[in-house]
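Below: the structure, in structure tokens.
The values are calculated or read from the model by the stated rules, or taken from the named source; none is laboratory data. Quick caveat, the model's predicted, so the values are computed rather than measured. Don't worry about glycine lacking a Cβ; one is built from the backbone with ideal geometry, like all the others, and counts go over all protein chains shown. The accessibility values were calculated without ligands, DNA or RNA, using every heavy atom of the protein model including side chains. Shrake-Rupley method; radii C 1.70, N 1.55, O 1.52, S 1.80 Å.
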Amino acid sequence: KELSNELGLEYLACDPDLNERKELEILEPKEISKRLGFSNFILMNSDQDKQLREEEKKYLKKRESVWLDRIRPYQQRKIFFICGEKHVESEMFPSLLEQNRLQYTIICQQISLLFNATNPNSKLKQH
């Protein structure tokens, strides 16, 4: 939201809120880890991490479907959509867009919000 304000763009919240996540049974990695019976989310071995990532894909699909439903009304307009890198790297979200005949271009990966010295209220770095 801060980025859209900074750039003077309309903001649309696409991510499901906590109530929607509960209703749709979308779990976060820490919750998935607990369901899988892993005692320590931070200190998992490589097999546990692999198992967690595979299980997480099920929940990412549900979340990305919500995003798709929310951006679909804007398909005739150019939009700027920001998501976590794992959604791009996994090819799941790009595939979902393609399946639904929505054109997209990945502009940048690994975006960071940084403090802007010329505007203390801004977290964007000027280039």
Could you list all residues from region 58-101 that are surrounded by fewer than 12 Cβ atoms within 10 Å (Cβ to Cβ), among the basic types (Lys, Arg) and under 16 Å from Asp15 (Cα atoms)? Arg72
When you scan region 45-55, do you find a residue that is surrounded by 16 or more Cβ atoms within 10 Å (Cβ to Cβ) and among the aliphatic types (A, V, I, L, M), even just one? yes
May I ask you to list the residues in region 29-41 that are open to solvent by 100 Å² or more (accessible area, probe 1.4 Å) and under 20 Å from Glu85 (Cβ atoms)? Lys30
